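What follows draws every value from the coordinates through simple rules; no lab data is involved. On a predicted model such as this, the values are computed, not experimentally measured, just so you know. Cβ placement follows ideal geometry from the backbone for every residue including glycine, while neighbour counts extend to all protein chains displayed.
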Amino acid sequence: MVVITIDAILERAGEYDLSPTEGLLLLKQTDPSIIAEIRQAADKLRNLQVGDTVTYVVNRNINFTNICEQHCSFCAFRRDSNSDGSYWLDGEQIRAKTIDAVERGATEICMQGGLNPEAKINGKSLNYYIKLVEIIKQEFPQLHLHAFSPQEVQFIARIDSISIAEVITALHSAGVNSMPGTAAEVLDDNVRSVLCPEKINSATWLEIVETAHKLGLPTTSTMLSGHIETPSQQIAHLEKLRALQQTAIKNNYPARITEFILLPFVGALAPKPLRRRVGRDQPVLQDALLLTAVARLYLGKYIPNHQPSWVKLGLQGAKEALTWGCNDIGGTLMEEHITTMAGAIGGTCMSVQDLQNAISELGRPYQQRDTLYKVMSGKC
């Protein structure tokens with residue numbers, strides 16, 4: 001019988017693909033000295049894979065509506081169309097936010113919203129989403145548009161009775177440059193049946209992201225952690241992401257996953273049933289940090305860029321994550337509604353100077369990047 005040891009796993013990290021058993025063993029550690037070794041191994045692998053420089057992107061987040069037909073148990077953002085607090089930005093409001101972003105140096109607009117069945121032009125959902133793209137890209141073609149999650153893509157396809165590939169192709173042609181890997185939550189259908197029973201299942205999320213890669217549209221990847229999921233389900237999620245990227249590499253798809261972002265659950269203003277079940281309002285930083293380190297070790301060479309969420313962890317928590325395997329501190333956002341409405345304390349906007357200062361406090365260099373991790377000329 002072969003006995004798996006922590007030392008053996010960590011010594012070979014980066015040289016081979018961790019098995020789910022090995023990943024789970026790391027994730028279940030509670031001894032502070034062993035956890036420190038895991039952190040050091042993740043930080044070492046980060047340095048080997050992408051170096052010491054911490055990157056960031058200057059971007060603006062636009063959540064164009066919170067009107068949504070679904071009722072996810074963790075979501076404090078969604079509203080019915082006739083309820084207090086509902087909103088739906090018009091074209092001029094989106095344009096004004098985009099102009100402001102450009103004036104503040106943004107290279108990216110990240111745009112997502114609720115699933116609003118009334119959002120149609122000439123009876124078609126796709127026409128509405130294409131119009132959103134055109135509002136931004138016709139005036140500012142230089143902006144990278146990072147827009148519309150796999151869930152939104154499936155929503156459009158279902159409403160209009162067309163294929164996933166048709167939706168992605170049309171949005172890409174209109175000017176969408178990459179797809180957020182959100183709506184993944186945890187890629188386990190038992191978890192999803194509680195968190196988001198109306199959302200697409202795990203297989204459909206994976207199918208949509210793979211289709212995007214086939215069609216040349218890069219994506220990110222995420223995990224919503226720290227709620228009802230188990231360590232085994234966390235590792236299974238990472239395994240599915242790794243396999244998805246391996247498929248893209250093996251088949252030489254024109255696009256792939258560009259980064260992994262851990263999104264710890266914020267429950268302060270989440271719907272009460274899930275909030276009571278989870279039993280806390282804010283993420284447990286140490287749990288998030290250990291998962292951050294294990295994600296770096298598990299995803300290995302396949303997804304080398306890792307980013308914490310300063311919105312969910314706060315800037316100090318995100319800074320700490322940069323010593324647990326992360327190499328990117330994310331974006332300026334300029335505004336953020338989804339997590340903030342759930343009661344996050346990290347804020348909604350971060351200045352470039354704040355991000356640079358946080359990185360410098362670690363004694364690490366910083367560098368502005370674009371959405372696809374191409375380094376921008378000079379330090380900003």
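Would you mind ranking TYR302, TYR129 so that the residue whose beta carbon has the fewest other beta carbons within 10 Å leads the list? Show your work: numbers first, answer last.
Working: TYR302 18, TYR129 28.
Listing TYR302, TYR129 from fewest to most nearby Cβ atoms yields TYR302, TYR129.
When the chain is treated as a GNM with alpha-carbon contacts under 10 Å, the residue of ILE261, ILE121, ILE164 showing the greatest mean-square fluctuation is ILE121. Count Lys and Arg as plus one, Asp and Glu as minus one, and take only other residues whose Cβ is under 14 Å from that of GLY325; the net charge is then +1. Spin-label model, ASP100 to GLU118: label points 7 Å out along the Cα-to-beta-carbon direction sit 2.4 nm apart.
Ignoring aspartates and glutamates fewer than eight residues from LYS97 along the same chain, the ones with Cα atoms less than 15 angstrom from its Cα are GLU108, GLU134, GLU139, GLU335, GLU336. Could you tell me the relative contact order of the range 233-329? Use alpha-carbon pairs under 8 Å, at least six residues apart, and round to a whole percent. For the range 233-329, the relative contact order is 30 percent.
Using a cutoff of 8 angstrom between alpha carbon atoms and counting only pairs six or more residues apart, the relative contact order for the chain works out to 22 percent.
Hey, in the GNM for the chain with a 10 angstrom Cα cutoff, which one of ILE135, ILE168, ILE303 fluctuates hardest? Fluctuation is largest for ILE135. Mean-square fluctuations from a GNM of the chain, with a 10 angstrom spring cutoff on Cα atoms, peak among GLN307, GLN367, GLN142 at GLN142.
Based on Cβ point charges of +1 for Lys and Arg and -1 for Asp and Glu, what charge dipole magnitude is obtained for the range 132-270 about its Cα centre, in debye rounded to the nearest 20? Here the range 132-270 has a charge dipole of around 300 debye. Residues LEU285, LEU355 in ascending order of nearby Cβ atoms (within 10 Å, fewest first): LEU285, LEU355.
Among LYS301/LYS374; LYS214/LYS240; LYS131/LYS374; LYS44/LYS240; LYS250/LYS301, which pairs are too far apart, with a Cα-Cα distance over 20 Å? If you can, show how the numbers build up before the last one.
Numbers: LYS301/LYS374 18 Å; LYS214/LYS240 17 Å; LYS131/LYS374 28 Å; LYS44/LYS240 24 Å; LYS250/LYS301 14 Å.
In this structure, LYS131/LYS374; LYS44/LYS240 exceed 20 Å between Cα atoms.
Sorted from fewest to most neighbouring beta carbons within 10 Å, what does the list ARG277, ARG242 look like? All intermediate terms of the calculation are to be shown ahead of the outcome.
Details: ARG277 12, ARG242 23.
Final ranking by Cβ density, sparse to dense: ARG277, ARG242.
Starting from the Cα of SER193, move 7 Å in the Cα-to-Cβ direction to define the label point; list residues of the range 213-243 whose amide nitrogen is under 19 Å from there. From the range 213-243, the list is 227-234, 236-237.
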